[in-house]
Amino acid sequence: MDSTGTAHVLPPKPKRLPGKVAVVTGGARGIGAATAKAFAESGAYVVIADILDEPGEKLADSIGARYIHCDVSVESDVERAVQLALDWKGRLDIMFNNAGIGGPCGSITNLKTEQLMALLEVNLFGVVHGIKYAARAMIKGKHGGSIICSSSSAAVMGGLASHAYTMSKDAILGVARTTACELGVHGIRVNCILPHGVPSELLLDPYRVLMGNPDLQPEDVTKIVGERASLIKGRGGTMEDVAQSVLFLASDESGFITAHNLVIDGGYTVANNLLSFIYQDFKD
Ligand SMILES: NC(=O)c1ccc[n+]([C@@H]2O[C@H](COP(=O)([O-])OP(=O)(O)OC[C@H]3O[C@@H](n4cnc5c(N)ncnc54)[C@H](O)[C@@H]3O)[C@@H](O)[C@H]2O)c1
């Protein structure tokens, strides 16, 4: 309503991913699901690739996406997920390598190579497969693309996760950096996101064990994480925080950004709040 009393209808906001085609691994729940929704709302055609078929199919139906059963540790599964995007819409613009698992916790003195390998197969090789097949499709398509890989705050700060998980997330930064160097000439950008403390199923399980409370709820995790944050106390990270960051990296708005590590942690990994009183002399 303006000063003359005339009502004005605002024009709809332009979509941020109009007609883009995306594959989201691990898109059936958690951060992947929130991102698949944000992509679809932004005008993208989304392929959800996961091993959780029922929630994956349900979500795909609700947002006009396609679902495919895909274990990212199996190279041919990832190839099929990318092929589905190509068969469906004839192109691939965005690959979100998000699928991941946690654990195993414990001392390095007890690390079991088989457990380490099982984790690397999903968290690291899954990302490598995603980059490989997305790059093939994007190079052939000759219209560039955006590949986003899910690392973790654990890749830049010790003591946040198991040795195996941390190794996998740190290695992702390496392969994203080298592939960004190789693929840049094709207009393909490769970036990483490093989320922290988002109360998904992946985080709930270890927190329930650590806190000795099997009934711990997502809001309890947010509270624990939020209390240690640098931003307003109690403000923990959400799946939507991560989804919006991925949306930015997927869109043309981030067209000059590649080989970047976007930490989404409310400042947690760069602030030691122990001495925060040294900044507290401002009185309003
Ligand atoms: N939650 C956090 O605070 C946090 C922090 C840092 C990084 N991350 C990363 O974000 C990503 C998403 O995790 P989330 O927190 O949403 O957890 P989540 O457990 O809710 O989601 C993980 C998804 O990956 C899928 N998945 C697991 N193994 C798979 C496989 N072999 N093939 C295909 N899909 C598979 C699961 O079925 C699930 O849908 C992970 O890579 C995780 O390491 C999360």
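Every read-out reported here was derived from the displayed coordinates using simple, explicitly stated rules and does not represent laboratory data. Every value quoted in this text rests on a predicted model; they were computed, and no experiment measured them. Reconstructed Cβ throughout: ideal geometry from the backbone, glycine too, with neighbour counts over all protein chains shown.
A few remarks follow.
- For Gly144, the shell of other residues with beta-carbons less than 13 Å away shows a net charge of +3, using +1 for Lys and Arg and -1 for Asp and Glu.
- Taking only the alpha carbons of segment 19-114, we obtain Rg and Dmax values of 14.8, 51 Å in that order.
- Kirkwood hydrodynamic radius (C-alpha pairs) into Stokes-Einstein, segment 29-183, 20 °C and 1.002 mPa s, D in µm²/s: 132 µm²/s
- For segment 203-284, the list of chymotrypsin sites (Phe, Trp or Tyr not before Pro) that fall in a loop by DSSP and count at most 14 other C-beta atoms within 10 angstrom reads Phe256, Phe282.
- The distance separating the Cα centre of segment 218-254 from that of segment 103-175 comes to 21 Å.
- Lys112 paired with Arg235, simple spin-label distance in nm, labels 7 Å along Cα-to-beta-carbon: 4.3 nm
- Set of aspartates and glutamates near Lys89 by C-alpha distance (under 15 Å), chain-local residues within fewer than 8 positions excluded: none
- Per-pair calculated FRET efficiency, R0 = 51 Å: Arg177 and Asp220 via Cβ, rounded to 0.05: 0.90
- In plain terms, the C-alpha convex hull of the chain casts an average shadow of 20.2 nm² when viewed from every direction.
- From helices alone, the chain scores -13500 deg cm²/dmol at 222 nm; the rule is -39500 (n - 2.57) for each run of n ≥ 4 DSSP H residues, then divide by the residue total.
- A protection proxy built from the mean count of other Cβ atoms within 10 Å ranks the segments 145-152, 103-110, most packed first, as 145-152, 103-110.
- Ranked packing of 172-178, 78-84, most packed first, by mean Cβ within 10 Å: 78-84, 172-178
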